[in-house]
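Below: one structure, written as structure tokens.
The values are calculated or read from the model by the stated rules, or taken from the named source; none is laboratory data. Quantities reported herein were computed from a predicted structural model and do not represent experimental measurements. Cβ placement follows ideal geometry from the backbone for every residue including glycine, while neighbour counts extend to all protein chains displayed.
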Amino acid sequence: MRSSVLIAVSLAAFAGAAAAQTANHFVSLPSEAMLSSTVTGLDVHDNSNNDIGKIQDVAFDSSKMVKAYILSVGGFLGMGTHYVSVEPDAVKIKYDDNDKKWHANMNATKDELKAAPEFKYEGRWSASKT
């Protein structure tokens with residue numbers, strides 16, 4: 001009888017500890033947080049408000065920090081598109097409360113982006129997402 005009570009108490013303590021660990025996986029996002037789904041697909045404009053590319057992807061390093069934005073530049077219907085990897089600080093992304101939209105701006109021209117080293121979706125970057 002005593003061992004049954006001890007086992008029950010131990011199981012209850014274990015279940016409580018497991019529940020406490022599970023609860024630690026959840027976070028509240030601050031209102032200024034950006035979602036990758038919001039950023040991906042944003043048109044990027046230069047300082048004169050010309051469309052110079054589109055954020056195609058977001059690259060993370062092994063510590064899960066944003067390492068780069070992959071921009072698509074030029075092309076038509078997927079033909080001739082040039083991809084470049086740019087530092088996240090080079091692209092200013094902000095939410096405009098007045099028009100309720102996200103905007104991306106960069107201090108570069110379309111020609112500068114086209115002349116930049118090309119990023120290629122190869123190896124692990126071309127692997128299926130499923």
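List of remarks:
- The condition of being loosely packed, with under 10 Cβ neighbours inside 10 Å and at pLDDT 95 or above holds for only one of ASP97, ASP89, that being ASP89.
- Residue, nearest to the chain's Cα centre (by Cα), within region 121-130, restricted to residues that are in a loop (DSSP other than H, G, I, E, B) and over 17 Å from THR81 (Cβ atoms): LYS129
- Residue within region 113-120 that is without any contact (Cβ under 8 Å) to a residue 40 or more places away in the chain, among the basic types (Lys, Arg) and in a loop (DSSP other than H, G, I, E, B) present: yes
- For region 57-79, a tally of residues being assigned to a loop (DSSP other than H, G, I, E, B) and either touching a strand residue (DSSP E or B) at 6+ places or on another chain (Cβ under 8 Å) or surrounded by 10 or more Cβ atoms within 10 Å (Cβ to Cβ) (or both) returns 3.
- Just one of (1) modelled with pLDDT of 80 or more; (2) farther than 20 Å from MET106 by Cβ fails for VAL58. It is (2).
- Residues that are assigned to a strand (DSSP E or B) and free of Cβ contacts under 8 Å to residues at least 60 places away in the same chain were ranked within region 35-56; the one that is surrounded by the fewest Cβ atoms within 10 Å (Cβ to Cβ) is ASP51.
- Condition met for ILE93 (in a strand (DSSP E or B), touching a residue at least 24 places away in the same chain (Cβ under 8 Å), farther than 23 Å from LYS120 by Cα and not acidic (Asp, Glu)): yes
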